[in-house]
Structures are given as structure tokens and as C-alpha cells.
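Asks: First, the structure itself, so that you have it in front of you.
The numbers here are math on the coordinates, done by the rules we state, and not lab data. Remember, it's a predicted structure, so these values are computed and weren't measured experimentally. Here the Cβ is made from the backbone with ideal geometry for all residues, glycine too, and neighbour counts use every protein chain on show.
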Amino acid sequence: MPSVGDVVTAKLTVEPADGTTAASLLVTRPDGSTVSPVVTGADGGATWTAPVQYTLAGVWRLSWTVTGMGASVEHQLVAVAPTPGVAAPGRVYATTTQLAEYLGTAPPLDSERLLLEASKLLDSDFLKAAVYDVDADGRPTDSVVATAFAEAVCAQVAFWAEVGEETDVSGPLQGVAIGSVQLQYGAGDNRSGPSYYAPRLVRALESIPADKLRWIAFASGC
């Protein structure tokens, strides 16, 4: 799969073909804009190539039009990935270095995305109930709190690696409380609903001293 910034050679094979065969290429970008790159023929009209530079992530459509012998219209769809190493915008509580140190091994290649998703989960499911000092970007200014948040999101990424990012898991732990955040895991008659919070995420938040973070009335997963 190509990534943003890649320049590839689009290729079309025409059969049958002869001296009357000609081909053109219309490239439609994900934003709907189009470009017609220079097309070069070879093998007596049987092979046609054109350079295509992928400038946006998303699905690109390559539309070939052949006239003369072998006349046809062919559409090719190409999925283009974002530039490797460039994370989506958002507040992230841990770096890939911190994740590697937490895991004790090389982190997954999509670590930046996973850390962002884990940070969103922390914000939406836990930190709405928390009061702590932050900077202009909403990140904790206290090093103890920042370290705990980093450990929490790293724990969640590690948990996803075990159970799957989209898996709802009801764990054995029951009756956990962090301040006013109430969490209960279980199974069978004790099961109060699916949850996929990493147990170590909970413990990381529990480790923060009360004078650095306090909880307001809020409940999740109970």
C-alpha cells in the first residue's frame, strides 16, 4: 500500500493492441480534484505507464481510457495511507519511546495512533471526573500526574495488543473505584456490562496522590 508522498508508476496492459491503440489516464484524488499525468506507451501499444504522486491519504481512482484497438475504459482504486510517523492531531499522554520502555520491546508501527486512541479513552471515560493542573494544551503540568497518565495509556495499548482494539472484555476484577469513578468487571450474573479498560490503567490512576488530582461526582461502567 502506498503512503502519502510516494511516487508510483501506474501501469495498464492492453490486449489486443496495435499501432492504433492509444491510452490516457485521469487521476481523481480523494478530495475530488483531478490530474492527467503524461502517459507513455510501449510494446506496440500493449503497455502504458504514467507517474502518479500520492499527495493525500484516502482512496484514489485511476481511470484509463483506451482508444483504437483494444478500446475500453478501466478504473483502478488505490488506497493511500497517511505519511508514516505522522500522528493524527489530538492530545496524547505518552510518546512511542515511553511505550517501548513500558513494553520492554519494540512498539507496534501504529503506536502513535494507538496512543492517541488510548488518550482519547482516558479523557472521555475517566478524566471528566478529574480535576488537576493543566497547561494551555490540556496536558498535566505536575510530573507525577503526567507519569501516571503516560503509564495508563501505555497499559491500555498493551491491553489492546492482547485482546484486540475493538474487543469488549469483561474481566475478573469487580468493584473498582477511583475517586467517584466506579468500575465493575465480572461474568455471568455478576456481569454489569462489557468493559475493555486495562486493569493497569486503573492502578496507574489510583497511584496519583489526592493532593495532585481530585475526583468529582461521576460514574462509569457501573
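Asks: Arrange Ser63, Ser33 by Cβ neighbour counts within 10 Å, fewest through most, would you?
Replies: Ser33, Ser63
Asks: Could you give each residue of the range 25-40 its phi-based ³J(HN,Hα) in whole Hz, using Karplus coefficients 6.51, -1.76, 1.60 with θ = phi - 60°, and x for Gly or Pro?
Replies: Taking θ as phi minus 60°, the curve returns 10, 10, 9, 9, 6, x, 8, x, 6, 10, 8, 10, x, 5, 9, 10 Hz for the range 25-40.
Asks: Under a point spin-label approximation (7 Å from Cα along Cα-to-Cβ), what is the His75-Ser36 distance to one decimal in nm?
Replies: In this crude spin-label approximation the distance works out to 1.9 nm.
Asks: Dipole size in debye (nearest 20) for the range 1-116 around its Cα centre, Lys and Arg Cβ +1, Asp and Glu Cβ -1?
Replies: Values: 5 positive and 9 negative charges, 62 e Å.
Dipole of the range 1-116, to the nearest 20 debye: 300 debye.
Asks: Please work out how much length the chain gains when fully extended from Val59 to Arg214, using 0.36 nm per residue of separation minus the C-alpha to C-alpha distance, in nm with one decimal.
Replies: Here the answer is 51.2 nm.
Asks: Sticking with this structure for a sec: What would the Debye equation give as log₁₀ I(q)/I(0) for the range 7-80 at q = 0.17, 0.20, 0.22, 0.26 Å⁻¹, counting only Cα atoms as equal point scatterers?
Replies: Rounded to two decimals, the profile gives -0.59, -0.77, -0.90, -1.14.
Asks: Estimate the FRET efficiency between Leu26 and Asp110 by the formula 1/(1 + (r/R0)^6), using the beta-carbon distance for r and 25 Å for R0, to the nearest 0.05.
Replies: Here the calculated transfer efficiency is 0.15.
Asks: Follow-up question, since we're still on this one. Determine the dipole magnitude for the range 1-65: charges of +1 sit on the beta-carbon of Lys and Arg, -1 on that of Asp and Glu, nothing else is charged, the reference point is the Cα centre, and the result goes in debye to the nearest 20.
Replies: 200 debye
Asks: List the residues whose amide H sits under 5 Å from the amide H of Ala130, counting only those 5 or more places along or on another chain, with H placed 1.01 Å from N in the peptide plane.
Replies: Hits under the 5 Å cutoff: Ile216.
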